[in-house]
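Chemist: Would you mind keeping the following structure in view while I ask a few things?
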Amino acid sequence: MSPRARYVVRRLFQAIPVIIAMSIFVFLMIHLVPGDPVQTMLGFRATPENVATVRAQLGLDHPLLSQYLTWVSGALHGNFGQDFISHVPVSTLLAQRLPVTIELTLLSMTLAVLVGVPLGVRAAAKAGAVRQATEGFVIAGIAITDFWLGIMLVLLFAGIWQVLPPSGYVPFLQDPAQNLRYMALPVLALAFGEAAYILRTTRGAMEEVLGTHYVLFLRAKGVRERRVVYRHALRNAAPPIVTVIGIQFGVLLGGAIVIESLFALPGVGRLIVTSIQQRNYVVVQGGVLVVAILFILVTLVTDLIVGWLDPRTEEGDAT
Amino acid sequence: MSVAVVAAGGKPRAVWRRGILASRKGRWGFAILTVLALIAIFAPLLAPHDPNAIDATQILHAPSLAHRFGSDALGRDVFSRVLFAYRVSLTVAVGSTLVAFLVGVPLGLYAGYHGGWVDTAIMRPIDMVLALPAMLLAVALIAIIGPGSNIATLAIAVIYMPILARVVRSSTLVVVSQTYIEAARARGTRTRSIIARHVLPNAIGPAIVQATILMGFAIQIEAALSFLGLGVQPPTSSLGSMLADGRDVLTQAPWVEVFPGLAIAITVLAFNFLGDGLRARLDPKGVSE
Amino acid sequence: MSDLLTLRHVDVGFATDEGTVSAVSDVSLTVEEGEIFGLVGESGCGKTTLAMALMGLLPRTASVAGSVRFGERELFGLEAEEFRQLRGDRISMIFQDPMTSLDPTFPIGAQVAETITAHRDISKQAARARALALLGDVGIPEAERRYDDPPHRLSGGMRQRVVIATALANEPSLVLADEPTTALDVTIQSQMLDLLRDLRGRLRTTIVLITHDLGVVAQICDRVGVMYAGQLVEVAPVADIFRTPRHPYTQALLAALPSEHQEPGSLRVISGRVPNLTSPPPGCRFSTRCPYVMDECATVPPLAHETGEHLIACWLSEATKEAAHPDHASTGGAA
């Protein structure tokens with residue numbers, strides 16, 4: 001096996017204990033709830049008979065370890081239990097909700113990268129007006145809270161100008177145009193902040209690379225500046241940029257909770273929050289586990305991409 | 001007094017002050033934060049109205065002399081509300097970061113200094129926590145324990161502690177490889193003494209920078225949690241819960257939504273500026289993010 | 001032999017927060033075609049800055065004055081694009097540290113070929129073939145196999161050879177070599193110098209070798225120019241510089257070289273410090289440390305021909321005094 005392939009396999013193996021630990025933590029959540037979880041879940045319907053029935057249903061009278069193993073083996077088969085209230089399988093709920101969150105994440109990150117990286121490169125390569133403008137953009141993007149921006153956008157586009165809907169969702173396969181109309185404002189709200197981060201990271205990394213000796217030598221060779229910047233500098237500056245993009249991707253997957261709530265997008269984040277409010281722990285467990293695993297996978301893929309970009313990684317673990 | 005701190009000009013306090021005043025950004029950040037802190041402390045004196053006083057005659061009035069930031073759906077003065085809400089938000093932000101700092105820094109120091117299995121034992125669980133998206137973790141914690149501003153503070157502290165521990169560990173690793181540490185060991189100085197007098201003052205710089213910046217973001221996280229109803233509970237208001245209130249009257253009275261948001265933005269900005277200013281002095285190699 | 005490079009009254013200054021730094025002051029010299037010209041001086045004396053000015057690689061904060069004629073062209077005042085076309089084609093520069101001169105993510109062969117395609121309209125295969133030949137010329141063993149290697153697979157000496165191959169790819173008339181051997185082992189150093197000398201012989205390239213190492217100068221340079229604090233103080237053929245240095249600074253430099261006859265524990269040093277270039281002393285910048293300093297030294301001594309080949313800028317020299325005040329030519333009492 002080539003050194004690169006070995007590196008990939010090794011990282012995959014390293015992710016497994018993390019996922020296992022994650023599953024344990026998520027599993028324990030339901031049992032860390034103070035008081036009797038079943039009573040909390042049932043609320044006012046908590047008659048002793050109901051409590052006993054539900055306990056049996058959820059298998060809560062078995063020892064902890066066997067509960068965990070049952071849950072995990074179920075999860076490995078895609079069975080995360082049932083929504084306690086509606087009796088819909090959690091896996092069905094997740095399958096419905098995950099595409100929404102993924103679409104939101106993909107669109108936001110794409111927009112953020114398309115804006116942030118080129119602007120960051122130009123800000124690093126040229127001083128002057130471009131730099132000042134990007135400085136303001138970075139400051140605004142970092143300081144402004146994404147959901148507040150979302151609300152302001154709603155005020156503008158839905159309230160005053162009335163060109164976009166303030167909330168709601170239509171699946172893409174059902175009606176692409178409408179889907180994009182509903183996604184426009186949440187994507188903008190998220191992408192603004194993300195783009196600022198990506199811009200700042202790009203600018204910083206590019207500045208550092210453009211100051212190196214090899215860039216000086218490239219210029220001394222008479223290579224065109226365009227080529228120096230894009231073919232050489234950007235390639236070398238890529239690792240930290242890709243890392244930040246990867247992190248932001250993972251964060252969005254799990255954390256666009258507020259934006260989803262704000263715009264009434266039926267995504268995984270919103271599902272988890274409403275389930276928490278309903279004390280619907282089974283759903284929370286499944287949702288958190290899936291998101292956590294996705295996050296770990298995204299981190300892994302990012303690491304692999306960064307490793308691929310730097311030829312020095314082949315010679316053992318240079319990262 | 002440790003070598004590097006002496007080289008920096010004597011007492012740690014001198015390093016601190018020179019760090020803040022050294023750059024324009026740092027000065028601005030410090031100035032704005034001082035003003036903001038004073039506002040938070042003296043909110044009761046500065047507020048022209050009782051923030052919870054309902055007045056049916058003053059419903060949804062635009063900003064005016066009587067109500068500098070306008071009034072909300074219950075006739076309450078938005079300016080006064082922002083002042084008091086700011087207090088709450090800032091307390092949560094500063095408190096949570098401080099707790100994370102006080103717990104995370106020693107952990108990172110020990111992990112970095114001792115290395116080996118101590119390092120693994122401390123950092124493995126910390127890396128696990130870092131493997132979870134922050135908001136999700138906070139929400140999950142609140143799900144277990146229940147909502148409230150103290151829980152929100154705890155949740156943010158839990159998110160921040162691993163970050164600070166990591167930063168300190170990185171800079172500790174650098175410090176520990178320096179020869180003056182070897183020299184201290186060779187003199188037979190006790191470990192506790194080495195860490196306290198030599199490692200800590202030199203490794204703590206990046207953590208201070210990171211903590212400063214994190215404090216700014218903590219306000220945003222608190223706002224997000226309270227916005228969802230998971231943070232402060234009525235009748236207490238924080239900037240986040242005000243943002244939730246403002247939504248209901250968004251088109252009729254945008255000022256209810258605008259001003260709390262601006263307060264958050266200015267605070268994040270100020271903390272970021274201060275952190276950037278400090279970075280030049282305390283974290284030249286950019287260990288913090 | 002014709003003059004390839006002529007500098008006249010070249011100044012280079014940098015704008016900084018503390019004021020303007022005068023890095024190069026009123027330097028005039030000529031370099032002949034085919035020679036190896038050594039530019040010597042301690043760190044910070046302006047030799048690298050001068051080379052960067054000749055390449056058009058100075059940062060935006062720099063300002064230049066004077067004239068540089070390269071062949072038929074005037075370099076100062078060229079547009080950025082015109083300068084770019086010259087770089088790597090007619091004039092090349094190689095830098096001190098080979099470990100950091102090559103893009104770590106790019107295969108070495110391609111980095112050589114890139115120089116060619118930047119200036120010639122030829123196919124990729126043709127460029128590759130030429131690059132392979134060049135790698136062989138500079139002494140890279142098994143060039144074919146190593147063509148696609150990333151730089152980190154090569155040792156420092158190998159990397160410097162790649163750098164040289166790159167610099168010579170388009171057979172430039174002038175090569176500026178900034179401390180090309182300083183970062184290398186002593187054994188590799190002499191290999192490198194042999195390589196440079198050999199290439200000069202084969203390709204008739206003119207080389208300006210910038211260094212602070214007088215040993216290197218003695219090995220391959222034909223003529224030498226000595227710089228101090230931005231000023232050019234002496235120019236002479238290499239033998240003359242070592243046998244009969246005329247400028248007090250050059251004399252002090254050579255005296256400071258440790259020799260076998262040295263007493264143990266006694267290194268000769270030049271007392272004093274290099275002046276602050278933001279506010280340099282008026283006149284000769286070595287005056288603050290010169291054992292022969294006189295009142296006249298407050299005015300800049302012009303560079304003048306002490307003998308046919310030997311130039312010096314010092315008020316101690318008759319030639320300088322004549323050049324400055326031609327009507328005060330010393331007649332003296334006797335003829």
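The values are calculated or read from the model by the stated rules, or taken from the named source; none is laboratory data. Being a predicted model, the structure only gives us computed values, none of them experimental. Note that each Cβ is placed from the backbone with ideal geometry, even for glycine, and that neighbours are counted across all protein chains shown.
Chemist: For the stretch B:108-125, name all the residues that are closer than 13 Å to residue B:173 by Cα and either modelled with pLDDT of 90 or more or assigned to a helix (DSSP H, G or I) (or both).
Modeler: B:108, B:109, B:110, B:111, B:112, B:113, B:114, B:116, B:119
Chemist: Of all residues in the stretch B:221-247 being more than 11 Å from chain A (Cβ to nearest Cβ) and not hydroxyl-bearing (Ser, Thr, Tyr), which is nearest to residue B:74 (Cα to Cα)?
Modeler: The qualifying residue nearest to residue B:74 (Cα to Cα) is B:245.
Chemist: For the stretch A:247-269, enumerate the residues that are assigned to a helix (DSSP H, G or I), of a type outside the set (A, V, I, L, M, F, W, C) and touching a residue at least 60 places away in the same chain (Cβ under 8 Å).
Modeler: A:248, A:260, A:269 - these are the residues of the stretch A:247-269 that are assigned to a helix (DSSP H, G or I), of a type outside the set (A, V, I, L, M, F, W, C) and touching a residue at least 60 places away in the same chain (Cβ under 8 Å).
Chemist: Also: Identify, please: which residue in the stretch C:138-161 is farther than 13 Å from residue C:191 by Cα, away from chain A (no Cβ under 11 Å) and of a type outside the set (D, E, K, R) and is, among those, surrounded by the most Cβ atoms within 10 Å (Cβ to Cβ)?
Modeler: C:143
Chemist: Here's something else I'd like to know. How many residues, within the stretch A:226-240, are closer than 16 Å to residue A:120 by Cα and either facing another protein chain (nearest Cβ under 8 Å) or of a type in the set (Lys, Arg) (or both)?
Modeler: Total meeting the criteria: 5.
Chemist: Tell me the residue from A:243, A:212 that is closer than 20 Å to residue A:114 by Cβ and either at the interface with another protein chain (Cβ under 7 Å from one of its Cβ atoms) or surrounded by fewer than 20 Cβ atoms within 10 Å (Cβ to Cβ) (or both), please.
Modeler: Exactly one of A:243, A:212 is closer than 20 Å to residue A:114 by Cβ and either at the interface with another protein chain (Cβ under 7 Å from one of its Cβ atoms) or surrounded by fewer than 20 Cβ atoms within 10 Å (Cβ to Cβ) (or both), namely A:243.
Chemist: Hey, which of the helices (runs of 4 or more DSSP H) in the stretch C:72-151, taking only ones fully inside, have at least 1 residues that are of a type in the set (Asp, Glu)?
Modeler: C:80-86, C:108-119, C:124-137, C:143-146
Chemist: Among (1) among the polar types (S, T, N, Q); (2) outside any helix (DSSP H, G or I); (3) at pLDDT below 90, where does residue C:191 come up short?
Modeler: (2)
Chemist: Can you name every residue in the stretch B:67-91 that is under 17 Å from residue B:265 (Cβ atoms) and in a loop (DSSP other than H, G, I, E, B)?
Modeler: Passing the criteria: only B:69.
Chemist: For residue A:174, all conditions in the list (1) more than 13 Å from every other protein chain (Cβ to nearest Cβ); (2) outside any helix (DSSP H, G or I); (3) touching a helix residue (DSSP H, G or I) at 6+ places or on another chain (Cβ under 8 Å); (4) not aliphatic (A, V, I, L, M) hold save one; what is the number of the exception?
Modeler: (3)
Chemist: Given the condition away from chain A (no Cβ under 14 Å) and part of a helix (DSSP H, G or I), answer yes or no: does some residue in the stretch B:135-152 qualify?
Modeler: yes
Chemist: Quick one: how many residues across the stretch C:196-210 are in contact (Cβ under 8 Å) with a residue 40 or more places away in the chain, closer than 11 Å to residue C:220 by Cβ and of a type in the set (D, E, K, R)?
Modeler: So the answer is 2.
Chemist: Determine which member of the set A:149, A:190, A:111, A:153 is within 14 Å of chain B (Cβ to nearest Cβ), surrounded by fewer than 23 Cβ atoms within 10 Å (Cβ to Cβ) and either touching a residue at least 60 places away in the same chain (Cβ under 8 Å) or within 20 Å of the chain's Cα centre (by Cα) (or both).
Modeler: That would be A:149, the only listed residue that is within 14 Å of chain B (Cβ to nearest Cβ), surrounded by fewer than 23 Cβ atoms within 10 Å (Cβ to Cβ) and either touching a residue at least 60 places away in the same chain (Cβ under 8 Å) or within 20 Å of the chain's Cα centre (by Cα) (or both).
Chemist: What about residue C:78, is it out of contact with any Phe, Trp or Tyr (no Cβ under 8 Å at 6 or more places or on another chain), more than 11 Å from chain A (Cβ to nearest Cβ) and either closer than 22 Å to residue C:9 by Cα or among the charged types (D, E, K, R) (or both)?
Modeler: Against the criterion (out of contact with any Phe, Trp or Tyr (no Cβ under 8 Å at 6 or more places or on another chain), more than 11 Å from chain A (Cβ to nearest Cβ) and either closer than 22 Å to residue C:9 by Cα or among the charged types (D, E, K, R) (or both)), residue C:78 qualifies.
Results for (1) part of a strand (DSSP E or B); (2) free of Cβ contacts under 8 Å to residues at least 60 places away in the same chain, shown as yes or no for each residue.
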site	(1), (2)
C:4	yes, no
C:7	yes, no
C:20	yes, no
C:24	yes, no
C:28	yes, no
C:34	no, no
C:44	no, no
C:54	no, no
C:58	no, yes
